[in-house]
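A short worksheet on the structure shown next.
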Amino acid sequence: MKIHAVILPAGLLVVAISFAKVPSVPAWKKHVLTQDFITEGLSAGDIDGDGVKDLVAGAFWFKGPDFKEGKLYRPGRAQPIGSYMEDSFLSWIDDLNGDGKNDILMASHPGKDLTLYLNPGKEGDWPPHRVMTEAATESPLWLDLDGDGKKELVCTQGGKFGYAEVDWSDVTKPWTFIAVSEKRTNTPYTHGLGAGDLNGDGKADIIEKEGWFEQPAAKDGKWIWHKEPFAGPGGAQMLVFDADKDGDNDMITSLNGHGYGLVWYENTGSDGKVTFARHEILPEDPAKTGPGGLQFSQLHALEAGDFDGDGRMDFTTGKRFWAHNGGDPGAKDPALAVIFYNRAKDKGVEWQSEVIDTDSGVGCQVLAVDLDGDGKLEFAAGSKKGVHIIRR
């Protein structure tokens, strides 16, 4: 079927558009925190110490569980959608200094500052600490890369892939970047980044659009490069988990964060050798469709989670509406939010899509998170469509 959408990118003109088939929207409920463009990314965690998850979107944090109140923790304001939110592309909530209060880690425009805001335990401006002057790629990762129980920031610096280590004796000191590659790019806007154990040695590897870096056994060892044509122009977060439940990790990635295409790579390796079989989920060709007759562009954020509680890992994504101010393919199509359910088929996987909203989409981050503690995952995102929570 063809769907006609009313789009108001500039608040002036109504445009009727026909685009590829999209399934009907099921009974999901959307909670709109704000329709203002206040962030490119979003994070969840307990900010005020009441045991309930809150949301951080740009310069604001929204108190859970109703998220009706947005409070400033630093100077900031909404921007027109024809601009970029230069100081808020991705964020994470974590207690970095170990004082029992969650802090905010904020990645600004790709390749620019990474700022740590320490939680003072009271309202007002939080003290900022610039811990990196360059945290590049479009989707840096905050995770425990080396398995020591402490997190690192995976990113690029000077065109080299690597990770930044925190000085845990004083987290406000400049972080140390450790390169795992030679220079591989001349731009901070490299798309596509992931981390996870691909070879089954128990250590997380670093994945990018053209291959993966194998983590060595020794901390000071050399990371081994494995060339693999994963994602062409590159997409967003590259998800690593055992999709087909065969005991090894597979990988899911969008092919172009500003175009079309979504694939999963089945890990088909054996005897210590890692090989992949590529399986299409959404075609690169915009005229073709994927599961449920679905097709959309600008899959700029992905997040894994078991949305239906069946023990198989699903994932969510959506359109990053107006990412390049209307210059991307399919830019004027509706801002879809989508869940891809992982269904067993023979010994493989069949991905079933469910459009849960047609006017929210994703930014540079999307969350699969249980915000209300009921054991079910919600979809949450901040983008040029505002800040939204979508739940059953």
Of every Cα-Cα pair in the stretch 66-195, the percentage lying beyond 26 Å is 24 percent
The Rg/Rh figure for the stretch 249-392, Cα atoms and Kirkwood Rh, to two decimals is 0.98
Compactness check, the stretch 256-306: C-alpha Rg relative to the 2.2 N^0.38 Å globular estimate gives 1.37
On each of the three principal axes the extent of the alpha-carbon atoms of the stretch 54-114, given in whole Å and largest first, is 38, 29, 16
Order by accessible surface, 1.4 Å probe, largest leading, for residues LEU114, LEU377 comes to LEU377, LEU114
Under a 1.4 Å probe, counting only protein heavy atoms, TRP264 has an accessible area in Å², nearest 10, of 10 Å²
Rounded to one decimal in nm, the spacing of the 7 Å Cα→Cβ label points at LEU143 and THR172 is 3.1 nm
On each of the three principal axes the extent of the alpha-carbon atoms of the chain, given in whole Å and largest first, is 58, 57, 42
So the FRET efficiency between GLN35 and LEU72, C-beta based with R0 = 22 Å and rounded to 0.05, is 0.75
Of the listed links LYS273/LYS345; LYS71/LYS112; LYS53/LYS209; LYS288/LYS385; LYS151/LYS173, those spanning more than 23 angstrom between alpha carbons are LYS273/LYS345; LYS71/LYS112; LYS53/LYS209; LYS288/LYS385
Kirkwood calc, the stretch 173-332, C-alpha pairs only, radius in angstrom 16.8 Å
Rounded to the nearest Å, the spacing of the alpha-carbon centers of the stretch 232-304 and the stretch 45-112 is 29 Å
The answer for the chain, accessible area per residue at 1.4 Å probe in Å², is 41 Å²
If the label point sits 7 Å along Cα→Cβ of ASP94, residues of the stretch 168-194 with amide N under 19 Å come out as 168-180, 193-194
Gyration tensor on Cα atoms of the stretch 261-337, a ≥ b ≥ c root eigenvalues, a/c under 1.5 rounded, else prolate if a/b beats b/c, else oblate, says prolate
Over all Cα pairs of the stretch 133-245, the Kirkwood radius sets Rh, and Rg/Rh then becomes 0.95
Excluding ligands, DNA and RNA, the carbon-plus-sulfur percentage of the accessible area of the chain with a 1.4 Å probe reads 49 percent
Taking r as the C-beta separation of ALA179 and LYS273 and R0 as 41 Å, the FRET efficiency to the nearest 0.05 is 0.95
Rounded to one decimal in nm, the spacing of the 7 Å Cα→Cβ label points at TYR189 and LYS288 is 2.8 nm
The correct ranking of ARG184, ARG320, ARG312 by accessible area at 1.4 Å, largest first, is ARG184, ARG312, ARG320
Of 191-198, 83-90, ordering from highest average Cβ density within 10 Å down gives 191-198, 83-90
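The values are calculated or read from the model by the stated rules, or taken from the named source; none is laboratory data. Nothing here was measured: the structure is a model prediction, and the numbers come from that model. Glycine gets a Cβ as well: all are built from the backbone with ideal geometry, and neighbour counts include every protein chain shown. For accessibility, only protein heavy atoms count, side chains too; no ligands or nucleic acids. Shrake-Rupley method; radii C 1.70, N 1.55, O 1.52, S 1.80 Å.
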